[in-house]
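**Q** Just dropping this structure here.
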Amino acid sequence: MADVDKDGAVSLLEAFEYARREVERSYESADQLPTEHALLEDNGDGEGSLIADAREGDGAVARRFTLSATTAVASGRTGEARGAPEDPQLAALYAERRRLEGQVDALRSRKDEMDTARYEAELEELLLALARVNRAIREREGGAR
């Protein structure tokens, strides 16, 4: 199954990882050496990665794009993959989640430049805020998942 985080949407990162695993499995089950190796390059450094790492390297952008039936949508997760919600409060929650996810990504990219205690405190604050927004989205969508 490609939807690893069980949020109802498949991100480009999840699709990449799923395809990579399935190709690998196919070669192994046929007892053949792999002749194809998927690469992901989404951080602009011109170097593709065999294994994505959304925290440090390729994968952060792919994690934020979800697949829908017709297109890849720059969105967050739940519901948004099916189009913009009609509920303005839900739309605002999705926007807040995207903002917080962007802040987490930006903070993680600065980790090596920061004091460990400060980094951990800022990350904890952002992750708690993100958890609260995710809970509000679940409640607004009509149930806990």
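The values are calculated or read from the model by the stated rules, or taken from the named source; none is laboratory data. Keep in mind it's a predicted model, so treat the numbers as computed, not measured. When we count neighbours, we look across all protein chains shown, and the Cβ atoms used for this are built from the backbone with ideal geometry, even at glycine.
**Q** State whether one or more residues within segment 80-98 are of a type in the set (A, V, I, L, M, F, W, C) and at pLDDT below 80.
**A** Taking every residue of segment 80-98 in turn, at least one turns out to be of a type in the set (A, V, I, L, M, F, W, C) and at pLDDT below 80.
**Q** Name the pairs: first residue in segment 1-18 and under 10 Å from Phe65 (Cα atoms) and in a loop (DSSP other than H, G, I, E, B), second residue at pLDDT below 85 and acidic (Asp, Glu), Cβ to Cβ under 9 Å, at least 6 apart or on different chains?
**A** Ala9/Asp3; Ala9/Glu80
**Q** Taking Arg98 as the residue in question, decide whether it is assigned to a helix (DSSP H, G or I) and farther than 19 Å from Phe65 by Cα.
**A** So Arg98 fails the test.
**Q** May I pose another question? Only one of Leu40, Leu33 is hydrophobic (A, V, I, L, M, F, W, C), surrounded by fewer than 13 Cβ atoms within 10 Å (Cβ to Cβ) and touching a helix residue (DSSP H, G or I) at 6+ places or on another chain (Cβ under 8 Å). Can you tell me which?
**A** Going through Leu40, Leu33 in turn, the sole match is Leu33.
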